[in-house]
1. Take the residues in segment 63-86 that are in a strand (DSSP E or B) and over 18 Å from Tyr159 (Cα atoms), then tell me which one is nearest to the chain's Cα centre (by Cα).
2. Suppose we keep only residues that are in contact with a Phe, Trp or Tyr (Cβ under 9 Å, 6 or more places away or on another chain) and not in a strand (DSSP E or B) within segment 143-161. Which one would you say is modelled with the highest pLDDT?
3. Considering only segment 1-28, how many residues are among the basic types (Lys, Arg) and either in contact with a Gly (Cβ under 8 Å, 6 or more places away or on another chain) or modelled with pLDDT under 75 (or both)?
4. Can you run down the residue pairs with Cβ atoms below 9 Å, 6 or more apart or on separate chains, where the first is in segment 54-71 and under 17 Å from Arg97 (Cα atoms) and the partner is among the small types (Gly, Ala, Ser) and in a strand (DSSP E or B)?
5. Mind listing whichever residues of segment 193-252 are among the basic types (Lys, Arg) and either touching a helix residue (DSSP H, G or I) at 6+ places or on another chain (Cβ under 7 Å) or at pLDDT 80 or above (or both)?
6. Checking Phe107 against (1) of a type in the set (Phe, Trp, Tyr); (2) farther than 30 Å from Gly67 by Cβ; (3) touching a helix residue (DSSP H, G or I) at 6+ places or on another chain (Cβ under 8 Å): exactly one of these is not met. Which one?
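The values are calculated or read from the model by the stated rules, or taken from the named source; none is laboratory data. This one's a predicted model, so the numbers in the text were calculated from it and none came from an experiment. Reconstructed Cβ throughout: ideal geometry from the backbone, glycine too, with neighbour counts over all protein chains shown.
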Amino acid sequence: MSRRFAVILAVFCLAALLFSVAAMAEKVAEFNRSGERTLWMLKPVNLREFLFAGRRVTIEDVTLESGEAVRVTYGGQELVIPATIPPKDERIPGLKRHEDWMQVIRFADQGRDTSEDFQRKLDAGEVQDRLTIVVRRPLADDPRTLGQGWKKQWVFDFYEFLPEGGFATETWAYPSGRTIDKIKEGQLQEGSWQYAAALSVMPKLRKPNPRFGNDALHAMEWTLPAAAFSGLGLLVALLFVVAPRRERPAHH
């Protein structure tokens, strides 16, 4: 490659790099302005008794013929949830002994606030949070792994506390698709509060890998590879520009 051609290539790659970076910044800014992605703040509850929406919530351990369970009382209604995995030692305080299969979680849409500002609004009552119980149901015939095996067969039940009393229930399956557009109907959708809550009852080494599709990285579209290739081309061209010239042998 001649030095002149290398200079021309460097100028072309630099222009392409600047253009693609500017376009990338605009696409990311547009994504952030669109507000398509909801940022959820979740906080596990480890209390047996507390108030939600002005109503008392009590959670106690009970024993059924089929095994251990928890009984939840709220707004004049009772909910009995059988343990899907043997709870830990009963001497463990609060709800920690059930954390492998059940979590009580308060959550809310954080919006564009920082974590500190959102927490301040939450404490001041300016933001109404929500409350749910998430339960992981592994395969019934999976006693040896204590519910950690066959993760694609896991099912998650959600019991959301309604402000007027009572519960709204729904069930979602573990996400089996490799990308967001491959997630089947009825499976947990990345970015939803159900997905975020379900992560809290999954073993650390069994959680699903991120499936990018509704984030700033995905919003960059063609600008990311364009910036990468133009940057690489600029680097190669500059190497040829600064490379020392070979002296041709003199002819006698």
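1. Glu68
2. Per the stated criteria, the residue is Trp154.
3. Residues flagged as among the basic types (Lys, Arg) and either in contact with a Gly (Cβ under 8 Å, 6 or more places away or on another chain) or modelled with pLDDT under 75 (or both) within segment 1-28 amount to 2.
4. Asp61/Ala69; Val62/Ala69; Thr63/Ala69
5. If the condition is that a residue be among the basic types (Lys, Arg) and either touching a helix residue (DSSP H, G or I) at 6+ places or on another chain (Cβ under 7 Å) or at pLDDT 80 or above (or both), then Lys204, Arg206, Lys207, Arg211 are the ones that fit.
6. Of the numbered conditions (1) of a type in the set (Phe, Trp, Tyr); (2) farther than 30 Å from Gly67 by Cβ; (3) touching a helix residue (DSSP H, G or I) at 6+ places or on another chain (Cβ under 8 Å), the odd one out for Phe107 is (2).
Residue by residue, here is whether (1) surrounded by 16 or more Cβ atoms within 10 Å (Cβ to Cβ); (2) outside the structural domain of Pro138 (by TED's automatic domain parsing); (3) of a type in the set (Val, Ile, Thr) holds:
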position	(1), (2), (3)
Leu64	no, no, no
Val70	yes, no, yes
Pro82	no, no, no
Gly94	no, no, no
His98	yes, no, no
Trp101	yes, no, no
